[in-house]
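Below is one structure, written out as structure tokens; comments come after it.
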Amino acid sequence: MMLEQINRYVLGAAVPFLLIAGGLFFCFKLRFFFLMHPIKLIKALWGRQTGGGTSSFRALTLALAGTLGVGNIVGVSAAIFMGGFGAVFWMWVSALCAMVLKYAEIVLAMRHRRYGKDGKGHGAAMYYIKECFSSRGMKRLGVFLAGIFALFCILNSITMGSVIQANAVVGALDGVFSISPAITGAVLASIAFFLVRKGGEGMARFTEKLVPVMTLGYVVLSLAVLVLRADAVGEAFVLIFKDAFSFKAGAFGIGGFLFSKALRFGTMRGLVSNEAGCGTAPAAHAVSDCKEPARQGVFGIFEVFVDTILLCTLTALVVIVSYGEVAHFGENFIMMTIGAYEAVLGSFASYFMSIAVLCFGFATIVCWAHYGIESVDYLTKKRFAKPLFIALYCLSVFAGAFAASEWIWQSADLAIGIMTVINVPVLVLSRAEIKDETYRFFGKNDK
């Protein structure tokens, strides 16, 4: 399949390189500010802001809703099954680099955000992509790349944001409660339609209540499994590190490194999970009333930590310590993850996990609708465009109840890969702006 070939041999090499190289570039460029100023980072997270708009925390929960989806549950199992245990290691590497990339893209988006007639902020990546090239005398290239980015963001919202999320929810509820896919799909699509029409702030209010509760519950359940299987946790880490550097099929050198399954699936599924570097999170964070771009960027660092370092790691360890009991599920990744929890905690875990999948998946559906709407709004101001997209998006949620084939996953990988290939170089080109905002907030003593 052509999509598979592109994802494997082109994006499969380009995306890991860009994420790791781009992340390391900004770590050195910004003098590892997130390690040098831990107290200020914490104060930025807990500091209160005045104003009647959307708070930084509410914007964070909207962004987290977009990342805490099947990437944490289905994506982790998929990465392990297709890329081996070493894929988890590359998830960690990509996450560490992704922290500073997400910070950079949020800072840039906050600097270039626009305000609509309703006074709400719009700061999707398209705006700073366009202005990056326009300021360098390449306006047409900027318009073209920003448009391409918006189109692939819409594609990703329909595939990763709706179809794949809905399919995971349906699979969990059908597998555990035997609820008809048609009923689940119809209910998801209907509720999504109601919430999405409320706009970005309305969606943020919803996620502000849902995200903290579902995250805490998932952490507690995962820790319970690992405590009961404590004797296998050490071996799980050994398997992860041992497999991380196996290049599969005798491949050697840098080519083997870039094309190894562990690296490719680890970074791609890590990117699907935390979305750092691909330029989607700015659309969520830009609704915040925060006036300091760097302060809001700190929430991006926290977002990646919660999503990948915490939740994806917990999921991976739970799957690995029970892998011998769940490997038979094969490519039914959602049941592989649920089965890993059930193998230790019994039938109760399957009920809890199915509800967790429902919450995680639906929160992502809501958030990705916002990303898609922002992209549509950038491409056209036609009055019918936004309602039409919302209708098509909700129909895709319903369609996801019946199919989320490998072709859909490949399309999602293609879209998010191309978005990353466009976004990361723009961040590097705009490094001076990001550096200025960082020093303005954290102090210039490191300059």
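The values are calculated or read from the model by the stated rules, or taken from the named source; none is laboratory data. Just so you know, these numbers come straight off a predicted model, no measurement behind them. Positions of Cβ are backbone-derived with ideal geometry, glycine not excepted, and every protein chain shown enters the neighbour counts. Remember, those area values only see protein heavy atoms, side chains included, never the ligands or the DNA or RNA. Shrake-Rupley method; radii C 1.70, N 1.55, O 1.52, S 1.80 Å.
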### Message
Placing +1 on the Cβ of each Lys and Arg and -1 on the Cβ of each Asp and Glu in region 91-195, which of Thr184, Leu108, Phe194 has its Cα farthest towards the positive end of the resulting dipole?
### Response
Leu108
### Task
List the residues whose amide H sits under 5 Å from the amide H of Thr280, counting only those 5 or more places along or on another chain, with H placed 1.01 Å from N in the peptide plane.
none
### Summary
Sorted on mean Cβ neighbours within 10 Å (highest first), peptides 74-80, 147-153, 107-113 come out as 74-80, 107-113, 147-153
### Summary
Quick tally, 1.4 Å probe accessible area for Lys382, Lys130, sorted with the most first, runs Lys382, Lys130
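Peptides 278-291, 17-30, 349-362, 182-195: what's the order by average Cβ count within 10 Å, highest mean first? Don't skip to the answer; put the middle values down first.
Working: 278-291: 27.8, 17-30: 19.1, 349-362: 22.1, 182-195: 17.5.
In decreasing order of mean packing, 278-291, 17-30, 349-362, 182-195 become 278-291, 349-362, 17-30, 182-195.
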### Most positive-pole-ward Cα, Gly346, Gly300, Gly324, against dipole of region 289-394 from beta carbon charges
Gly300
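Listed here are the pairs Lys29/Lys120; Lys43/Lys435; Lys43/Lys209; Lys40/Lys242; Lys29/Lys209; Lys43/Lys242; which of them are more than 29 Å apart at the Cα? Walk me through the numbers on the way to the answer.
Numbers: Lys29/Lys120 32 Å; Lys43/Lys435 20 Å; Lys43/Lys209 22 Å; Lys40/Lys242 37 Å; Lys29/Lys209 37 Å; Lys43/Lys242 38 Å.
Beyond 29 Å: Lys29/Lys120; Lys40/Lys242; Lys29/Lys209; Lys43/Lys242.
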### Query
Among the aspartates and glutamates, which have Cα under 20 Å from the Cα of Lys382 when same-chain residues fewer than 8 positions away are ignored?
Asp118, Glu374
### Task
Determine, for each peptide in 426-434, 304-312, the mean count of other beta carbons within 10 angstrom over its residues, then list the peptides with the highest first.
304-312, 426-434
